[in-house]
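Have a look at the structure below, then the notes.
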Amino acid sequence: MTPALQLTDIRKSFDGALALDGASFESRFGEVHALLGENGAGKSSLMNVAAGLYAPDSGVITIQGDAIALKGPSDARARGIGMVHQHFKLVKPFTIAENVLLANRRPHFSSGIQAIRAAIVKQAGELGFDIDPDRRVDTLTVAEQQQVEIVKVLVGGVGILILDEPTAVLTDTESEGLLEIIHRLARSGTAVVLVTHKLNEVKRYADVVTIMRGGRTVAKLDPKQASAAEITRLTVGETVPLPARATTDTGPTRLNVGALSYTRGDGRVMLDGANFHVRAGEIYGLAGVSGNGQAELAQALIGAVKPQSGEIWLDSIGDISRASAAKRRQAAIAAIPADRYAYALAGSLSIADNFAVAHIRSGRYGGVGFLRRRAMRREAVAAMKDYDVQGARSVSEKASLLSGGNAQKLVIAREFSCAPNVVVAHSPSRGLDVRACAAVHQRLIAARDGGAAIVLISEDLDEILSLSDRIGVMSKGRVVAEFDRPADRQDIGRAMVGHG
Amino acid sequence: MTNAPSLTPDARRRFGRLTLDVRQSISPWKQAVFVGGSLVVGLALSVAILAVAGIAPGALATELAGVATAESLRGVLIQAAPLVLAGLGASLAFRIGFWNLGLEGQMIFGGIFAAGVSIYDIGPASTRLVLMGCAAALGGALWVLLVAFLKIRFRVNEIIATLLLNYVATYFLFHLLYGAWQDSKTAFPQSSPFRPFERLTEGVYGINSGLFIAIGCVLVAGWLIHLSRLGYYMRFLSANPTMAGIVGVPVKMLTVWIIAASGACAGLAGFVNVASQEGRLTQSYASGYVFSGVLIAFLSRNDPIVVAVVGFLIAVLFITGQTLQVFYQTPFAMVQMIQAIIVMAVASSEFFIRHRVRWIR
C-alpha cells in the first residue's frame, strides 16, 4: 500500500538555527500514527511542513506516491492534508458555521452557509460531537473549540488529519473521549497523525509511533510491542529519575485565605467564599474541574485581580487581598501563572531583562538612578545554566524565542532566585515534556523543603497526587473538600464532580 | 486542484527560490546599516524629485552648504529647539504605547501658561523666565493628563482624544487672543509683547537659550530611559503591561508620570516658541508640530539622544526649504513631500530589520 503521506529527509532552519535536520516520516490510511518527542524536538515544525505552512529548505514531500511542492496551507488542504493546530485558528466573534465556511470557501455566501451548516451537522453527528453551527465561537469551551477545528478540517474532505498536541488543553475525561473518536476516525480510513509528548496516549491509542529528538526522527516502532522504558529512553535520550519524596515537618500557618469572593466583570461569580490555609513547608494542592474558580484564585493570590471581599492573610504582613503586586513581591510571593506568555514574560524583551525585572525594586541591580546591566546579565547567565534553560544562544535574545518548557524554566528561575515565602503555581507543567516537567516538580519540592508554603493549582490529578502534602478540591468557587496525604484518587474525583 | 502554473520540485531545485525568515535577533550595527541605507535611498529620491522640479543637485548642494553660515545656523538652531522638544514629547509617550497626537494642544497650553505668568506679572523679574518655563511645562502636562485620566478611567481612545483636543486648545487660544489677552495697542489678535527679561535671548556663542532647554531635556530623558530604573520599567510597560503589573512594576503611576512628562516637553516647546521667535502669544506658534514631532519620534525610534540629531536635521530641512521657497519659488509642499518620502524610506527599512531574505537552491 502506498503511504498516505511521506516526508523524506526534511531540513528546515530558522534564521540559522536548525529546527529539522533530515527528518523522515510516513503515515498510512487507517492508522493512528503518533509523533512523539520532547518540547522543541521538531514535531510541530515537521507537521507544519506537511501542512504547507513552512517550505522546507530541502527534502521531498510525497502524497500518495506523488512528489509535490506545497504552495501553502490551502494547497495542502486541496491535496487532502488538514491540520488542527495547538493554538486554534478561529475567528472568535463568528459563528461555528461562518468559521467553517471561511476555511472551506463556497462561491456564494447565502447558499454556502446553508450547505456548510448541513455538512457540520452531518460531520459532527458522525464523530459524536454535540455542536450547534449557529453558536458564536467565543461562547464555546476550549474542548468545543477543538471539536470545531476538527470538523472544520474534515468538512473539507481531508484524508490526512494532523492533530498537534490535541489533549494539551483538555481535561482527562475530555482527552479520552477525543482519542476514542480519533481512533474510530482512523478505522474508517483516515490517516491520523497525533503529535504528542504523552507516553500513555501513545501506548493506548497509536498504531505506529515515530519518535523525534533534536530535529531528527530517531525511531519508528509499534507502541504495543515496545516497552514504555524503551520509548522513554528514545524520546529523552536518557532515563529521567522521578523526584524522590522526603516528608518534612510542616511549620505554622503561612497563608490563610478566608471567605474570598470575586465576581467577574460580566457578573459571573468565580470565587464564592473560598477558604483554605497553607503551612510553611507544605505543598497544598488544589484540584478541580477547570473553570471552577482556580484561575481566578491564582490571579487573586498574585494580584492580577482584586477580590470584592474576603482576606488573603500572610503571616509576615497581614491581609494582602488589596495590596499591590509590588507589595506582594516584597513579601516574597512567587508567581508561576498558567499562561506564562500573557502573565509572566515579555516576549519581545531579552531573556536577561525578563529574568531581572522582578528584583529591580529590591535594589539588587543598583538604585533608582543607575542600573547595573552587567550584574543583571551575569546573574541571568548563571541562572540559565542553573535551571537548564536551553534554546537561546545568549541571554540577550528575545524571551519569545524559548519553547514552552524553557520559557517555564526561565519563569521559575526568576521566581525562585530570591528564596520565596509563598509560591503560587498554576498548572506549572502544562505543555511541558517529561524531563522539563520533572525539573519543575523538583524545584517545587526543593522550595517546599526550604520552608516555603506552596499553592499548587492543577487540573492534572497525577501532578496533584504526586506532589501535594494536602489536597483541596475546588468546585463552584469554593474549596469543598480537603484530603491529607496519602489521598485516594477516587475520593478526590468524587469531590470534584459531586458538588454540582 | 489548482491550475496555476507551478514549478515542479525539480525545477525549483535548479532555479532556487527566495525565502523570507523572521529574524530572531539583529546586531545594532546591521540595524544602523539598514536604516542608513534606506535613508540614502530616500534622500536620493528627494534629490531626483527636486531636480525634476528645476533645482539642479549642484544648486541644492550650495543651498545646503549655505546652512553652514553663522546666520543660517543660528536660524536652524532656533528652529531645532521646539522640534527637538516636540519630538521628545512624542517619543516619551510612544515608548509606553500612549499615542499622544495632541502635541499642538499641549504646546498651545504651554504657551498660554507662560504668557499668563507674563501678563499677570507673577514673580520677580530675575526668576520670571524660569517661572514661565515651569508654568509652560505644567500647562502642557495638565492638558495631556486630561486624556490620561479619560483613558485610564473610561478607556477612551487617546489617539482621537488628544487629536481633537488640539482644536479645543486652538479655539481657546483664539478666544484669549480675540478677547481678554488681545494687544490693546495694535488690536491684532496677539498678546502684548513680552518684556525683555521675559524673552529667551541669545546666550553663549550667540546660541538661543531655548536650545539649551531642549538639550537639557534630551539629556535628562536619555538618562531616564537608558540608565535609570524608570526606563527599564517602561520597556516592560510597553512590551506586556499585564505581566509588568504582576512582576511589580508600578504600572499606573509610571503611565501617568510618563504621559505628564510627554505633555511637559510639548509645553516647553510652546514656551520656547513664544518666548524666543515670537516674543508674544500668537495664533500659530504651535501649528504643524504634531506631524513634525511624530516624524522625529518615529525616525529616532523613540531614542531621546537620536531625537536631538533628527530634530536638528529636520530643522535644516525646514530652513533650506524656506530658502528654496524664496529663491526658487518652490512650494512649501515640496518640503513636506520630502519629509514624507524620508519617513516611508525609513519605515520600509523595518522590513529588512525584521526579516532575512535568502536565496536558496
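Values quoted throughout were computed directly from the atomic coordinates according to the rules given, and no laboratory measurement underlies them. Computed from a prediction, not measured in an experiment: that's the story for all the values here. Using ideal geometry, Cβ is built from the backbone for each residue, glycine included, and neighbour counts are taken over all protein chains shown.
Miscellaneous remarks
- Nearest-0.05 FRET efficiency for B:Leu18 and B:Ala187, computed from C-beta distance (R0 60 Å): 0.30
- Sorted by Cβ density within 10 Å, fewest first, the residues B:Thr201, B:Thr255, B:Thr69: B:Thr69, B:Thr201, B:Thr255
- Taking B:Arg280, B:Arg23, B:Arg195 as the candidate residues, the one with maximal mean-square fluctuation in a Gaussian network model of chain B, Cα springs under 10 Å, is B:Arg23.
- Per-residue HN-Hα couplings for region A:346-355 [Karplus 6.51, -1.76, 1.60; θ = phi - 60°; Hz; x = Gly/Pro]: 9, x, 7, 9, 6, 4, 4, 4, 4, 6
- Comparing Cα centroids, region A:298-347 and region A:181-220 end up 40 angstrom apart.
- Inter-label distance for A:Ala382 and B:Ala125, nm, one decimal - labels placed 7 Å from Cα along Cα-to-Cβ: 6.3
- Other protein chain C-beta atoms within 10 Å of residue C-beta, averaged over B:234-243: 6.
- Backbone amide hydrogens, once placed in the peptide plane, bring B:Asn208 within less than 5 Å of B:Gly203, excluding anything fewer than 5 places away on its chain.
- Here the 3J(HN,Hα) profile of region B:205-216, calculated from phi with Karplus coefficients 6.51, -1.76 and 1.60 at θ = phi - 60°, is 6, x, 8, 4, 5, x, 5, 5, 4, 4, 5, x Hz, Gly and Pro shown as x.
- Modelled spin-label separation between A:Ala228 and B:Glu71, with each label point placed 7 Å from Cα along the Cα-to-Cβ direction: 9.2 nm.
- Relative to one another, the C-alpha centroids of region A:1-52 and region B:253-275 are positioned 56 Å apart.
- Surface/4 estimate of mean projected area, convex hull on alpha-carbon atoms of region A:134-177, nm²: 3.7
- GNM flexibility winner over chain B from B:Ser238, B:Ser192, B:Ser262 (Cα, springs under 10 Å): B:Ser238
- Look at the stretch B:226-233: the mean tally of other chain Cβ atoms within 10 Å of its residues' Cβ atoms is 5.
- Relative to its residue count, region A:280-336 spans a Cα convex hull of 98 Å³ per residue.
- Extension reserve of the B:Phe351-B:Ile215 stretch, reckoned as 0.36 nm per residue once the Cα distance is removed: 45.8 nm
- Normalising the Debye intensity of chain B to I(0), with uniform scatterers on Cα atoms only, and taking log10 at q = 0.07, 0.13 Å⁻¹ returns -0.37, -1.08.
- Taking amide H as placed 1.01 Å from N in the peptide plane, A:Tyr54 has its amide H under 5 Å from the amide H of A:Val49, each at least 5 places away in sequence or on another chain.
- Taken over region A:415-500, the alpha-carbon convex hull comes to 106 cubic angstrom per residue.
- Over 24 Å between alpha carbons, listed pairs A:Lys306/A:Lys476; A:Lys12/A:Lys409; A:Lys306/A:Lys327; A:Lys198/A:Lys409; A:Lys122/A:Lys220; A:Lys43/A:Lys203: A:Lys12/A:Lys409; A:Lys122/A:Lys220
- 0 to 90° range, to nearest 10: angle between helix B:28-52 axis and chain B longest Cα axis: 80
- Loop-located trypsin sites (Lys or Arg not before Pro) in region B:146-194 (DSSP state not H, G, I, E or B) with no more than 15 neighbouring Cβ atoms inside 10 Å: B:Arg155, B:Lys185.
- Estimated from the Cβ-Cβ distance and a Förster radius of 60 angstrom, the FRET efficiency linking A:Gln64 and A:Gln442 is about 0.80.
- Extension gain for the segment A:Asp319 to A:Asp172, taken as residue separation times 0.36 nm less the Cα-Cα distance, is 49.3 nm to one decimal.
- By average C-beta atoms within 10 angstrom, highest first, the peptides A:456-466, A:131-141: A:456-466, A:131-141
- Principal-axis analysis of the Cα atoms of chain B puts helix B:57-66 at an angle of about 40° to the longest axis.
- To the nearest ten degrees, helix B:158-177 and the longest principal axis of the Cα atoms of chain B are 30 degrees apart.
- Extension gain (nm, one decimal) between A:Asp9 and A:Asp462, 0.36 nm per residue minus Cα-Cα: 159.3 nm
- Note on chain B: GNM, Cα springs under 10 Å; of B:Gly267, B:Gly37, B:Gly139, the largest mean-square fluctuation is that of B:Gly37.
- If R0 equals 56 Å, the separation of the Cβ atoms of B:Tyr205 and B:Phe149 corresponds to a calculated FRET efficiency of about 0.85.
- Charged neighbours of A:Asp134, selected by a Cβ distance under 14 Å, balance to -2 (K, R count +1; D, E count -1).
- In this structure, the amide hydrogen of A:Ser321, modeled 1.01 Å from its nitrogen in the peptide plane, lies closer than 5 angstrom to those of A:Ile312, counting only residues at least 5 positions away or on a different chain.
- Karplus (6.51, -1.76, 1.60) ³J(HN,Hα), θ = phi - 60°, over region A:424-433, in Hz, Gly and Pro reported as x: 10, 10, 10, 6, x, 10, 4, x, 9, 7
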